1. Please label the shape of region 367-454 as rounded, prolate or oblate, based on the square roots a ≥ b ≥ c of the eigenvalues of the alpha-carbon gyration tensor (a/c under 1.5 means rounded; beyond that, a/b larger than b/c means prolate, else oblate).
2. For residue 398 and residue 42, calculate 0.36 nm times their separation in residues minus their Cα-Cα distance, and state this gained length in nm to one decimal.
3. Could you work out the relative contact order of region 367-454, using alpha carbon pairs under 8 angstrom and six or more residues apart, expressed as a whole percent?
4. Between residue 342 and residue 410, what is the spin-label point distance in nm, taking each point 7 Å from the Cα along the Cα→C-beta axis?
5. Quick one: what does P(r) look like for region 142-246 with 10 Å bins over all Cα pairs, in whole %?
6. How high is the FRET efficiency between residue 455 and residue 6 when r is their beta carbon distance and R₀ equals 30 Å, given to the nearest 0.05?
7. Starting from the 7 Å offset along Cα-to-Cβ, what nm value, one decimal, do you get for the label separation of residue 282 and residue 163?
8. Given points 7 Å out from each Cα along the Cα-Cβ axis, report the residue 440 to residue 49 separation in nanometres with one decimal.
Amino acid sequence: MISSHSTLYRQSPFYVQEEILALNSRLRAALSARSKLRHTAASIERSQWLAPAQWQALQLESVRQLAEHARQRVPYYRELFAQAGIDPARWRHLEDLREIPELTRQDVIAAGPRLLAEGGSWLRFKGSTSGTTGQAMPGWRDRDAIAFEQAFVDRQAQWAGYRHGERRAWLRGDPVVPMAQSGGHLWRMNRADNMLMLSSFHLKPENGAAYIEALERFDPVMLQVYPSSMSYLARWLEDHDRVYRGRALRCIVTSSETLSDVDRQVIAERFGCGVFDWYGAFERVAAIGTCEHGRYHVMEDYGYAEFEPNGDGTANLIGTGFGNRSMPLLRYRADDRVVLADPAFECSCGRRFRVVERVLGRVDDAIRTPDGRHVVMLDWIFSGLPRLIEAQVVQERLDEVRIRIVATPEFGLRAEEALVQRARERLGTQVVIRIERVAQIARTRNGKFRQIISRLSKSGDSNV
Ligand SMILES: [Zn+2]
């Protein structure tokens, strides 16, 4: 496969780049485990309607099988289970899984290849965390694991009203357009997937009209996007007092970053369709997605998720994913937190999977203050400020934050003062708040937007 990160791709002409994208898709399809995908798709089509006692029984069986596989094939677990006298065959309840100590990111890095299953598929693909915090953690997946994941992504696309093969557009972290290109077509057509791929690295006020026109012309049924990229376009429309005019659009599916209520609202308003959000941990230990009624369901047929309450309505996520037998992770402590919902709540979609209020995203992305506050979601301070396009909060010292903003010239001093005032309400009076106007806010290597960047050291472990 020729990556769009490669020099060969970057230096190829436009039409060759489109051929490369299509070729990659065809190769991916040829290598995919199609029967596994069909089988999983059929099975989870049924399991989404199971009653709690039924999906819990299914989870217990899946957890036992996975742990038994780990005991037999994975050196790390073979030793651990032998030392601690753990025998999955004895488990009668999901809680029994807690015999296994939780697994942290550091444990995974330290265990290295001892976490890989012996005798598994020879064809494995390596992924890695983006490396924004500390050391990158490698993760291995085989074809079955990729097909398993795909089945769940496809199921949510169906909830959103999309049917396989229909036109879709993609606005995520793929560098389909070389950075050096500044104008012209800021997208590439992937004909093998009937998909228009737009660059999230070229979003600037002067390109807004071109992006919207390209989308309206292609007229996709579904948009698969990073929330930050989509809200950028939605705010551009708002600023120009326009709405999106594509007629086929049925749904927008966001993932990979935290979607705030404010962003969801402005996207839904300007694009005139439902916004579905998907959370999938990189480590593939849990998945949470919104249904037709906008509720975040824990995908109970994807993995077994434990929520460890923090006492303030939020909970840490510890997950055991069922899909990856090449590198099974049991009770992995994910970096993400959720806000718990009322356990008695029953969603009107009819699915009885647990519901959480929202996914808060990574624990590291928080602002700390001298008076001990720990603030995660800051989107409220930016809501309803016209002419403000994007904002990012950067903290380098405990008593100071910088708010970097991209705004039109009409966003004047008075608006800046309003912004500082709101930030002060959240952060208190002991923090100096500075506004810094910038032309553009850089994305991470994966094209992600980070609303909060903290460069404070955390127990000797610095990030960014
Ligand atoms: Zn629902």
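The values are calculated or read from the model by the stated rules, or taken from the named source; none is laboratory data. Here the structure is a predicted model, which means the values were calculated and not measured. We place every Cβ from the backbone using ideal geometry, glycine too, and count neighbours over all the protein chains shown. SASA here: full protein model, heavy atoms, side chains in, ligands and nucleic acids out. Shrake-Rupley method; radii C 1.70, N 1.55, O 1.52, S 1.80 Å.
1. Working: a/c = 1.87, a/b = 1.17, b/c = 1.60.
It comes out oblate by the Cα gyration axes.
2. Details: separation 356, 0.36 × 356 = 128.16 nm, distance 5.19 nm.
Full extension of this stretch gives 123.0 nm more.
3. Details: 133 pairs, mean separation 31.3, N = 88.
Answer for region 367-454 is 36 percent.
4. Between residue 342 and residue 410, the label points sit 4.2 nm apart.
5. 14, 43, 32, 10, 1
6. On the way: r = 31 Å, r/R0 = 1.04.
It comes out at approximately 0.45.
7. Placing both labels 7 Å beyond Cα along the Cβ direction yields 3.8 nm.
8. 5.0
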